[in-house]
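**Student:** Just passing along the structure, written as structure tokens.
The values are calculated or read from the model by the stated rules, or taken from the named source; none is laboratory data. From a predicted model like this one, the values you see are computed outputs, not experimental measurements. Heads up, the Cβs are rebuilt from the backbone with ideal geometry, glycines too, and the neighbour counts pull from every protein chain shown.
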Amino acid sequence: MSSRTDDASAKGAQRLRLLFVDDEAPIRMVMGDELEQIGHDVTVCEGGQEAIDALSENAYDAVITDLKMPGIDGWGVIEHINKQKIETDIIISTGHGGIEDAIRAIRSGAYDFLRKPYKIVEIANVLNRVAAKRSLENRAMALETELQSVRGKTQLIGETEPMQRVKTLVERIAPTDSSVLILGETGTGKEVVARSIHEHSSRSKMPFVAVNCGALPDNLVESELFGHKKGAFTGAETPRKGLIEVANGGTLFLDELGELDKSMQVKMLRFLESGEVRRVGENESFNVDVRVVCATNRNLQDMVAEGSFREDLFFRVNTFEIRLPSLRERKDDIHELALFLIARCTKRASVRRDLISPKAVEMMRSHDWAGNVRELANAVEHAVILSGGQTIEPEHLPGSVSRKAGSSDKPFLVTNFTHPLTLREIEEEVIMQTLEKYNGDKPQTSDELGIALKTLYNKLNQYQNHDQADAA
């Protein structure tokens, strides 16, 4: 085997988790060192059985295996990988194989076939291609996490002083790799700001993965974030990448950070400090390169004082803070925002300014917008439908907006039943009526009721399970 060269192509590969299998001790020693030198995490095995045992314990991006070995040979390792449907790329390294073996290897799903002796730059180039393929796979998986359709560059709409401050902060922090904490009420556009930071950073071509911590079930939070190995728990029938790993090379946006319980806060702190991820059920950790942007509508300092949020995690995520203004703090932006939202919901590049009448604009400016931009978006969509694409007048706006100032919302009808209600039934009725009031918008509903978003999700799951039990 030739010594390592200084060719630039042997350097700069994305960090991979490798399993190197060879029955010759000198080769294992040299390659273990060389592969680590070019930036990869390497586990070495002296035979097929040891490799199979390692594959059952941990996940690897690629397996580099010799073919002819005592006991279980390289073909046995490949057969095990295919039979178990293990997600890894196979690179064959052998000094004995000919064209027949190369053809058989490719038909067996091998990614590449190298003849010994080879230069380290050759295998480095192969690994660079593996890393590029993995990056594309992660980006594809990241797209699956998107809740909105594909769109152009994220825009921060508004020319008022509060929004100009936000734009200035985004412009300054985006080119760095610092962690960012975005604060603001529900519906103010925290994810939009996070996307803007990502798009103006050097990571813009890599995945942006948004995670709503409040919407993750308690028993699946760790698996969703860190991934799991096959059989790690009941229902884990296949290995799975966590969302942190999917974001590798890009930006991880943790929305509703304050909803994480204390045990997950510990695990998140460990990840943020070390950059290491360990899938549920695995023994080995591996490095992931992500920029972390967090957001919350809760006061984390108050949560620290009351003991529900770790102080060390708060300091770790709060390297740079951006506070978003509520919509009522920037009412002069409402007209521009409404026009932008109309263009978005009608799939146009832009709309004319007089599409909203002056009286409708004034009415929108006089509204309090407890749900902020999210509520404005719902109101605009409502108005577009009623106006039939014509000029939006006050009568086209939802009743909650067109209602005169000082009038109260319709009270909850919790007594309109033929039998006395239990406390649980009253609670369910109030929650469901509030949810209906906000057209199913859970963050707005949780704000209105003064409960945590995760609590709302748990309550809704309880009601669903109770209804199913009654139906059974």
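**Student:** I'd like the full set of residues that are within 21 Å of ASN212 (Cα to Cα) and either at pLDDT below 80 or of a type in the set (Lys, Arg) (or both), limited to region 418-439.
**Tutor:** TYR438, ASN439
**Student:** Looking only at region 294-328, count how many residues are part of a loop (DSSP other than H, G, I, E, B) and not aliphatic (A, V, I, L, M). Walk me through it before giving the result.
**Tutor:** Residues of region 294-328 part of a loop (DSSP other than H, G, I, E, B): 297-299, 307-310, 318-319, 324-326.
Within this subset, residues satisfying the condition of being not aliphatic (A, V, I, L, M) are 297-299, 307-310, 318-319, 325-326.
Within region 294-328, residues that are part of a loop (DSSP other than H, G, I, E, B) and not aliphatic (A, V, I, L, M) number 11.
**Student:** Now for a separate question. Give me the pairs, please: first residue somewhere in region 370-394 and farther than 21 Å from LYS437 by Cβ, second residue anywhere and at pLDDT 90 or above and part of a loop (DSSP other than H, G, I, E, B), beta-carbon distance under 9 Å, and either six or more positions apart or on two chains.
**Tutor:** Listed by first residue and then by second, the contacts come to SER387/GLU393; THR391/SER357; ILE392/SER357; GLU393/SER357.
**Student:** Output the residues belonging to region 26-46 that are part of a loop (DSSP other than H, G, I, E, B) and either surrounded by fewer than 20 Cβ atoms within 10 Å (Cβ to Cβ) or in contact with a helix residue (DSSP H, G or I) (Cβ under 6 Å, 6 or more places away or on another chain) (or both). Before you say what the answer is, go through the steps one by one.
**Tutor:** Looking only at region 26-46, we keep the residues that are part of a loop (DSSP other than H, G, I, E, B), and these are 38-40, 46.
Across region 26-46, the qualifying residues are ILE38, GLY39, GLU46.
**Student:** Would you be able to say whether some residue in region 295-308 is under 28 Å from LEU456 (Cα atoms), in contact with a strand residue (DSSP E or B) (Cβ under 7 Å, 6 or more places away or on another chain), among the small types (Gly, Ala, Ser) and surrounded by fewer than 21 Cβ atoms within 10 Å (Cβ to Cβ)?
**Tutor:** We begin by selecting, within region 295-308, every residue under 28 Å from LEU456 (Cα atoms); these are 295-308.
Okay, now just the ones that are also in contact with a strand residue (DSSP E or B) (Cβ under 7 Å, 6 or more places away or on another chain), so 295-296.
If we keep only those that are among the small types (Gly, Ala, Ser) too, we end up with 295.
Then keep just the ones that are surrounded by fewer than 21 Cβ atoms within 10 Å (Cβ to Cβ); that gives none.
Taking every residue of region 295-308 in turn, none turns out to be under 28 Å from LEU456 (Cα atoms), in contact with a strand residue (DSSP E or B) (Cβ under 7 Å, 6 or more places away or on another chain), among the small types (Gly, Ala, Ser) and surrounded by fewer than 21 Cβ atoms within 10 Å (Cβ to Cβ).
**Student:** For residues in region 353-373 being buried (at least 19 other Cβ atoms within 10 Å of the Cβ) and in contact with an Asp or Glu (Cβ under 8 Å, 6 or more places away or on another chain), which is modelled with the lowest pLDDT?
**Tutor:** GLY371
**Student:** Looking at ARG172, ARG134, ARG165, can you tell me which residue is assigned to a helix (DSSP H, G or I), at pLDDT 75 or above and exposed (fewer than 13 other Cβ atoms within 10 Å of the Cβ)?
**Tutor:** On the way: ARG134 fails: exposed (fewer than 13 other Cβ atoms within 10 Å of the Cβ); ARG165 fails: exposed (fewer than 13 other Cβ atoms within 10 Å of the Cβ).
Testing whether each residue is assigned to a helix (DSSP H, G or I), at pLDDT 75 or above and exposed (fewer than 13 other Cβ atoms within 10 Å of the Cβ) leaves just ARG172.
**Student:** Within region 283-293, is even one residue among the hydrophobic types (A, V, I, L, M, F, W, C), surrounded by 18 or more Cβ atoms within 10 Å (Cβ to Cβ) and in a loop (DSSP other than H, G, I, E, B)?
**Tutor:** So in region 283-293, the residues among the hydrophobic types (A, V, I, L, M, F, W, C) come out as 286, 288, 290, 292-293.
Subset that is surrounded by 18 or more Cβ atoms within 10 Å (Cβ to Cβ): 286, 288, 290, 292-293.
Now narrow it down to the ones that are in a loop (DSSP other than H, G, I, E, B): 288, 290.
Yes, region 283-293 contains a residue that is among the hydrophobic types (A, V, I, L, M, F, W, C), surrounded by 18 or more Cβ atoms within 10 Å (Cβ to Cβ) and in a loop (DSSP other than H, G, I, E, B).
**Student:** If you go through region 341-355 one residue at a time, do you hit one that is part of a helix (DSSP H, G or I), without any contact (Cβ under 8 Å) to a residue 24 or more places away in the chain and among the β-branched types (Val, Ile, Thr)?
**Tutor:** no
**Student:** Assess whether THR346 counts as being within 27 Å of GLU436 (Cα to Cα) and surrounded by fewer than 17 Cβ atoms within 10 Å (Cβ to Cβ).
**Tutor:** Working: within 27 Å of GLU436 (Cα to Cα): yes; surrounded by fewer than 17 Cβ atoms within 10 Å (Cβ to Cβ): yes.
Yes; evaluated as a whole, the condition is true for this residue.
**Student:** Could you list all residues from region 77-103 that are over 25 Å from ARG134 (Cβ atoms), surrounded by fewer than 18 Cβ atoms within 10 Å (Cβ to Cβ) and not β-branched (Val, Ile, Thr)?
**Tutor:** Scanning region 77-103 gives GLY95, HIS96, GLY98, GLU100.
**Student:** Please work out which residue is surrounded by the most Cβ atoms within 10 Å (Cβ to Cβ), limiting yourself to region 52-70 and to residues that are touching a Cys at 6+ places or on another chain (Cβ under 9 Å) and either closer than 20 Å to SER285 by Cβ or not assigned by TED's automatic domain parsing to the domain that holds ASN82 (or both).
**Tutor:** It comes out as ALA54.
**Student:** Here is a list: ARG139, ARG195. Which entry is modelled with pLDDT under 85 and part of a helix (DSSP H, G or I)? Walk me through how you get there before you give the answer.
**Tutor:** On the way: ARG195 fails: modelled with pLDDT under 85.
The unique qualifying residue is ARG139.
**Student:** Of all residues in region 217-244, which are touching a residue at least 60 places away in the same chain (Cβ under 8 Å) and of a type in the set (A, V, I, L, M, F, W, C)?
**Tutor:** LEU243
**Student:** Could you go through region 228-241 and let me know if any residue there is among the aliphatic types (A, V, I, L, M), surrounded by 21 or more Cβ atoms within 10 Å (Cβ to Cβ) and touching a strand residue (DSSP E or B) at 6+ places or on another chain (Cβ under 7 Å).
**Tutor:** First, pick out the residues of region 228-241 that are among the aliphatic types (A, V, I, L, M): 232, 236.
In the following step, the residues that additionally are surrounded by 21 or more Cβ atoms within 10 Å (Cβ to Cβ) were identified as none.
No: zero hits.
**Student:** Tell me which residues, restricted to region 73-126, are closer than 18 Å to LEU35 by Cα, β-branched (Val, Ile, Thr) and assigned to a loop (DSSP other than H, G, I, E, B).
**Tutor:** Within region 73-126, just THR88 meets the criteria.
**Student:** For ALA338, indicate whether it is hydrophobic (A, V, I, L, M, F, W, C) and touching a Gly at 6+ places or on another chain (Cβ under 9 Å).
**Tutor:** Numbers: hydrophobic (A, V, I, L, M, F, W, C): yes; touching a Gly at 6+ places or on another chain (Cβ under 9 Å): no.
Answer is no for this residue.
**Student:** When you look at LEU260, is it touching a helix residue (DSSP H, G or I) at 6+ places or on another chain (Cβ under 8 Å) and at pLDDT 95 or above, yes or no? Quick ask: steps written out before the conclusion?
**Tutor:** Values: touching a helix residue (DSSP H, G or I) at 6+ places or on another chain (Cβ under 8 Å): yes; at pLDDT 95 or above: no.
Against the criterion (touching a helix residue (DSSP H, G or I) at 6+ places or on another chain (Cβ under 8 Å) and at pLDDT 95 or above), LEU260 does not qualify.
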